[in-house]
Structure formats: C-alpha cells, structure tokens
1. Kindly put A:293, A:70 in sequence by how many other C-beta atoms sit within 10 Å of each C-beta, fewest to most.
2. For the stretch A:192-249, just say rounded, prolate or oblate: build the C-alpha gyration tensor, square-root its eigenvalues into a ≥ b ≥ c, call rounded for a/c under 1.5, and beyond that prolate if a/b exceeds b/c, oblate if not.
3. Please compute the modelled spin-label separation between residue A:286 and residue B:232, points set 7 Å along Cα→Cβ, answer in nm with one decimal.
4. Return the distance in nm (one decimal) between the two label points of a simple spin-label model at residue A:132 and residue B:223, each offset 7 Å from Cα along Cα→Cβ.
5. Can you bin the stretch B:22-232 into rounded, prolate or oblate? Criterion: square roots of the alpha carbon gyration tensor eigenvalues sorted a ≥ b ≥ c, rounded for a/c under 1.5, prolate for a/b above b/c, oblate for the rest.
6. Can you give the FRET efficiency to the nearest 0.05 for residue B:78 and residue B:131, using r as the Cβ-Cβ distance and R₀ = 22 Å?
7. Please work out the FRET efficiency for the pair residue A:316 and residue A:228, using the Cβ-Cβ distance as r and a Förster radius of 25 Å; give the result to the nearest 0.05.
8. Please give the FRET efficiency for residue A:71 paired with residue B:194, using the beta carbon to beta carbon distance and R0 = 51 Å, rounded to the nearest 0.05.
Amino acid sequence: MNAPSHNPWLHRFAVLTAAATFLLLGVGGLVTSKGAGMAVPDWPTSYGYNMFALPFKFWQGGVLYEHSHRLVASGVGLLTTILVVWLWVKEPRRWVKWLGVIAFFAVVLQGVLGGLRVVWLKDEIGIFHATLAQLFFVLTCALALFTSRWWRTLPSPLPPLLSDGRGEQQSFSLGNLPGFVLATTLLILCQLILGATMRHQHAGLAIPDFPLAYGKLWPAMDADSVARYNQQRVEIVAANPITAFQISLQMAHRLMAVGILIGVGAVVWGARRWSPRFSVSDGGDSLKAGLQRLAFVWFGLILAQVALGAWTIWSNKAADVATAHVLVGALSLVTGALWCIISFRRPVTQFGCKSVSTSARDLRETVFKARAAGSVSK
Amino acid sequence: MKISSVIAVIAGIAAVQVASAANITGTVTLNGTPPPEKEITPLKEDATCGKLTEGTPTTHFFVVGANKGLADVVVMLKGISGKSTGASAPPVELNQKGCQYVPSILALQTGQKLIVKNSDPVLHNVHSLSAAGNPDKNIAQMAGSPDLTFTFDKPENFLKFKCDVHGWMFAWITVVDHPYFAVTDKDGKFTIKNVPAGKYTVVAMHRKAAPTGVEKEVEVKDADATADFTLEVK
C-alpha cells in the first residue's frame, strides 16, 4: 500500500490553527491575570450587542481583555471548523479525520464553558475552561504533527532485515523512557490544573515571597498566622482574603515544580545515554536525534517556567509575567505530549542493545503478509 | 372617663417603652502599626479613570484618625435575628465616583434597598458576590444610566461588590437582620440607636483588623451605654 501523499497546505493550516490557539491561550490568560473574566456580564451578546459589533466606546479596562478574548476565540473556532472540514474531505487516514472531529467538539465545548461561566456567575467553571484550553492546544499541535511531512517520513513500523546473512534481527530499546516521559507529562498536566485552581481563587499571591514562604521553608498555616498574613496584605486587585487551603495549594505547586524539573532532567539524561551504535538504516537516526533535541528543549522550557514562577511572585503577580508563566506551561505540556506521541508511535522501534534471533524466512514471510494486507499505516 | 383612663394608661405604657430604649456609643481604636497603604497604580494609569482622580489614589484598608480611632468598623448587636425594619427604612447609597466605590464599607438591613449610582463618565459593571446565599448579580451600568437597586434577604458580613471593568474597585456591604448596628466614622466613633433595655453582646468587625469580630458584653438601661473596642494589628 502506498503511503498517503503529503498535503502541505493542509499541514500549514493545521500549524496556523495551533498558533492561533497559542495566541488565544495568551489572551485568555491575560483575562484571568487582569481579573476581567466577568467584565462583560452577558453572553453570547456583549453588553446587549452582537459580539462582533460591540462599539469601541466599550473597549476599556477589563472589557478590552475579555472582549478581545471572545473575538480571538471565535477566530480559533472558525479555523478549527475549516480544519475539520478539510481533514474530513482530504485526509485519507480515518483516525486523523476523527481527531479533527474531536477538536471541533472540544472547541465548541470550550466556548460554551466560557459562556456559562459568565451567565451562571460560576467562577469555578473557569478552572475547567483553563484546563480544556491546554488540552485543546495539545490536540491542535498533534494535528499539525500528524499532517506534517516529517511524521510521514518516520521509519516503518516493521523492522528491516539486516544483511548479515543469518537473518538475525537487531532490535533497539528506548527502555522505559517513553513511559517516564508520559508520567512527567501527566505531572505537568496536574501542575497546570493546580495553577488554574490557584489563579481562579482570585486571592492574589497566597505566599508573597520566594524561595521562602513567609520567611520559612514551610509556612505556618494555623488560624492566627493566616489572620496575621491577611492583616499585613495590601492587595489592590485581588481582594479575597487568603486561606490556609490556598497557601497549601501554592506549596504543592512549588513542590510539584521541583518534581517536574527532576523528571525532565532525568529524561534529558536518559536520552543522552542512547547508544549511536545500533541505529537502523531507515531514518531512525533522525528520529533519535529529534527526540534528543526535543528533550533538551523541554528542559529549557522547564527552567524558563521555574524562572517565570519566581518572577511572578517577585513582581507581585504582574499580569504580563503571570500570563507568560501560563504560556510556557502550555508549551511544556505540549512538548512532553508530542515526545510521547512520537515515541509511542513505534512501540517495537527501539534504540539500544538487545538481539532477538529469528529465522530470516519467517521474518520475510511476516513482512510480505503485512504489506499484502495493507496493515502498514503511518 | 373610662376612655380617658384607658388613654392615660396607654400613654403611660408608651412612655415607659420609650424610656427603656437607649443608645450604645463607643470608640474603636487600633493598636499596633498597620501596613502602609499602596498606590492604586492601575487606577492612576487608566486612560479614562486616571483623569478622574486628583493626586495619588491609595488603598484605604486602615483609616486611622486622631487618637488611633479606626474608621470603617461595623459594630452591631450579636444574636438578634428576624427584627429587620429594612423594608421601611430609607435606602442606602453606594456611589461609583472617581472610579472608586464611595463608601467602601457600609451596612444595611435585610430587605433594605441599596441604591448604586454611577457618577462617573465611564462604564462600570456592578458585580455582587455573596458567600452566604444572597444571589450574585453582575449588571452593567453605563455612564449616565439609571441607578441600580439591590436588596439582600440573608445576613452577611462583608458581602463583596466589585467592578470587573476596573479591577481595583471594591466595596463591602454588611447585611444585618435587625436595626442595631453602626459603622465607625473617621475618628472611630459609633452610635447604635434606640436599643431596648437589656443585656447584649456587641461585636466590632473590621475587614482587616478583625474580620470575625471582637465582642463585648453591654447592658442597656435607661441611659446611653458605652462600649469601647481596641483592635490589634499583629
């Protein structure tokens, strides 16, 4: 069976949709950072107007951020709809078509969640809205990956025969690294959910200093101490009093950040240890190199994220810094997710040192049958 | 003669009732050094609101007057419910002026009307957030538009009002189920009027210094009673 031909414009459109989603994450993050989530009290209208016809006199203060968010979100919804239709018509791989359909329903759900948060006056919905935003971004990036030429040039799922005459198959091991990357990526997702929960408390900084917490390694959280913290706070835009629960959320966030830093550092270390001796001849070198580079990029993102987290506290939660922290968090999640997708694509494709003997005739027959059945897909 | 006797008795009873009510007065002072207030930078930097304020707008969490008198303390009798006269009481006004709520702390009864005015030439949205079961509302109020009216059915301490268009704007409304309350003035002084004779627990609450309140026992007889409070900044 011939591999489906690459559609460069479809791929470029998928990249555009992913980029627009990233922009939307930033605009949406700014809405929360500015405390403007309820600045437009109605939905789907805006101050009674059609959302696309809101007069400019309304575009002030928090309305500017929330209304911009709605407009960009509409744009992403439109791009996603076009992408889904394009995939359905032109994409030969059924699973990619259905991923597009999932993306469509996800963006619709995201819009509804955002609207319900406004009309129901339920701030807690914002946590689900924020989490789904991150997952949707992963999905759009995955669609961009799957529609890329590079994805289609990855090595075939079946290992090629080596010309050693004995038909001895060399197989190559990623070891436990893909599973470890998956676990670290899930940890990042948990961290993002934790961060969204913290941001939607609208209580500002639960702990105003870093790396210490109220001057200690572990802050006091008894009632008298929390009362003292609230007495000494002079908040300007986030006027909810802080609670012991919020302080513990912040501490959990800090500890999880350490765990993620160690986890991604271990991934870099593990990827560096891949032996160059057992590369397959069918492009596996580029795959291995790609995954190694991605691991380094991932580590760089995590270092940047730690720095932004500290800066968020030192700047008393400046809106632009806090929003940058959200965006780098999203990039960290998507990097881990893509690493997983790429590495799990070939569970039997491995880099390492492990020999499995089998007869050359058996292997040739297996390859022939698989190709005849057309079960090879990319 | 009989009728005049009845009238005289009734008048006597009424006189006794009036004589049995008195005021509770007092002063709330602050011990300790509160944190310095901060400049409301986003207000100053706002393109429209910045022009509506003079000088440097600052937060005002601890308004301490002469002799350490603390303003914005809600003082009320504790443990009384179902005595609200709010429906017939005059409305209380909350104004949006210079892109700030004026006053930022006030108190009213359940069923009493709260009139929210927009005296600014800008859009505000009036967003109430209750933690005690009063319905939340989020209503746009354009410049020059009619006043908004709110009433609350459930007692609540420091129900929050905010403007999501201007994120620094906050006011806190304490809703009381009876008429025996007051808010201290700039010198920390208060008067709770026409309290019937009896023994009471008086509680003084300040959003920062004592959000859950400091209590004192007071007995009201024929003359005004006094209840002074000292709140601490730790």
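All of the numbers you see were taken from the coordinates with simple rules; none came from a lab. Just so we're clear, the structure is a prediction, and the values are computed from it rather than from any experiment. Cβ atoms come from the backbone with ideal geometry, glycine included; neighbour counts cover every protein chain shown.
1. Working: A:293 11, A:70 23.
By the 10 Å Cβ count, ascending: A:293, A:70.
2. Working: a/c = 1.59, a/b = 1.17, b/c = 1.36.
Note, shape of the stretch A:192-249 comes out oblate.
3. 7.2 nm
4. Those two pseudo-labels are separated by 6.8 nm.
5. Numbers: a/c = 2.35, a/b = 1.42, b/c = 1.66.
Here the stretch B:22-232 falls in the oblate category.
6. Values: r = 19 Å, r/R0 = 0.85.
Efficiency at R0 = 22 Å is approximately 0.75.
7. Details: r = 19 Å, r/R0 = 0.75.
Efficiency for this residue pair is about 0.85.
8. Working: r = 56 Å, r/R0 = 1.10.
Efficiency, from the Cβ-Cβ distance: 0.35.
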